[in-house]
There are 2 protein chains.
Amino acid sequence: MKAATPGADPEPPRRRRMSRAERERQMMDIAEQVFTERGYRGTSMDEIAERCGVSKPMLYEYFGSKDGLLLACMGRAKAELYEVTQKAMAGASTPDDILWRGMVAYFSFIDSHSRPFAMLLQEPLSGPPKTAEAIEETRRQQSELIAGVLRTFAPDAPATAVAAYTQIIVGACERLALWRAGHPELTVEDAARHMTDFCRHGLAPYLK
Amino acid sequence: MKAATPGADPEPPRRRRMSRAERERQMMDIAEQVFTERGYRGTSMDEIAERCGVSKPMLYEYFGSKDGLLLACMGRAKAELYEVTQKAMAGASTPDDILWRGMVAYFSFIDSHSRPFAMLLQEPLSGPPKTAEAIEETRRQQSELIAGVLRTFAPDAPATAVAAYTQIIVGACERLALWRAGHPELTVEDAARHMTDFCRHGLAPYLK
DNA sequence: TGAGTAAGTTACTCGCGGTAGGTTACTGAC
DNA sequence: GTCAGTAACCTACCGCGAGTAACTTACTCA
């Protein structure tokens, strides 16, 4: 049965067969969107399946579980973030410039992916097995980048200080990015400027 | 029926009736522990009820829902954290000392409550309605404290810088505290020192 | 043109959050 | 004492959503 009411075919692009790769991408796009709208817990696999125009077992066929689907979405975002920040920093020359470009790239990325990313950073609790782990992995990836900059920036700093400062900067960026969500008056450049200023001199410039 | 096997009474303290207040406290203690062990999702209300020596509807009677129970646990932790940091800072005189004592109190608190707190900070995603909100509320409370210090510390800093720096510091503390969980060699004092150093001078001391 | 396979489906099970409605035991008034 | 009132507590159930088994449809290529 191709059409119940002959003559009227309201959705010709839907319900078409897709290759696995194509379907997987579509599923991840939709899942990201639904997770963002409803939060992890509020999202049901049935709804994602329905929006994909496909039945639930297909999701399980391709992603194994709800967690697996979330993990796949996160993996994609992680790769994108890494690529964006990495490339931004590669185009710089001085350490100052590296830091600045990295920060701008980071805040811009969060800005354009704000919804999904806010979820990723805020929702590790879904309590799934590996989700928090995956986010930690993303952080580690970004930490490597930052630690590298620090070693260039401050070659004489002891390793433990570099490690601690790396965590401090990662946490600071994350929080500031999340905070910006509720404070649109703070532009990407403002955020980046505050971060770089603070990294370089701390509160010193404001002390009497 | 008081005892199935006469003469043997293996658990006299269990199964006794308790007042509502007493029972609530016990439930929260146990819930905190089980949430910590299994994570939010991995925890079932049946298990908490069983460990309390009580049946599930009692939990619902007192806390309304699983989220409600978590929220109650979080509320308690939040109040404790505030009290501890608040008091520590009240005993100081110079701004430097305020910052130092606040940090030491914060890292010590996380240290002694590390398990439950790691969960609180990492698991906001359970996607419940208000859990993430409650954590945000805790952060706001701590932010007030920090912003106050900053205004004393650096009275000439513009308000937007103070606001941004507050977020930066909150995020940095959080991340460093979480990171410490996997790096026991970093003592509370080390962490506090790195934080206060970074806050005051940033990377400047290490630049050539 | 039909064997093989990849895409897709229906129709279930099961665990867990949540609830309706009833029972047990403590308290205080007469 | 004893009995009304209430607070603590229980058994037995519901529904929803994650996950699965077993089957069907449609493309592809020798």
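The values are calculated or read from the model by the stated rules, or taken from the named source; none is laboratory data. None of these values were measured; they are calculated from a predicted model. Because the Cβ atoms are built from the backbone with ideal geometry, glycine has one as well, and the counts that use them run over all protein chains shown. Note: areas computed on protein heavy atoms with side chains; ligands, DNA, RNA excluded. Shrake-Rupley method; radii C 1.70, N 1.55, O 1.52, S 1.80 Å.
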From the options B:THR138, B:THR160, residue that is part of a helix (DSSP H, G or I) and in contact (Cβ under 8 Å) with a residue 60 or more places away in the chain
B:THR138
Of all residues in the range B:35-59 being within 14 Å of B:ALA72 (Cα to Cα) and away from DNA strand D (no atom under 12 Å from the Cβ), the one that is modelled with the highest pLDDT
B:PHE35
Which of the residues belonging to the range A:12-30 are away from DNA strand C (no atom under 14 Å from the Cβ) and outside any loop (DSSP other than H, G, I, E, B)?
A:ASP29
Would you mind listing the helices (runs of 4 or more DSSP H) fully within the range A:31-104 where at least 2 residues are under 17 Å from A:SER143 (Cα atoms) and open to solvent by 50 Å² or more (accessible area, probe 1.4 Å)?
A:66-90
Go through the range B:30-70 and give me each residue that's small (Gly, Ala, Ser) and under 18 Å from the mean Cα position of the chain (by Cα).
B:ALA31, B:GLY39, B:GLY68
When you check A:ALA3 against the structure, is it in contact with an Asp or Glu (Cβ under 8 Å, 6 or more places away or on another chain), more than 19 Å from A:ALA192 (Cβ to Cβ) and at pLDDT below 90, yes or no?
yes
Checking B:PRO129 against (1) open to solvent by 60 Å² or more (accessible area, probe 1.4 Å); (2) modelled with pLDDT of 90 or more; (3) in contact with a helix residue (DSSP H, G or I) (Cβ under 7 Å, 6 or more places away or on another chain); (4) facing another protein chain (nearest Cβ under 10 Å), which single condition isn't satisfied?
(2)
Please go through the range B:156-205 and pick out each residue that is open to solvent by 60 Å² or more (accessible area, probe 1.4 Å) and at the interface with chain A (Cβ under 8 Å from one of its Cβ atoms).
B:ASP156, B:THR160, B:HIS201
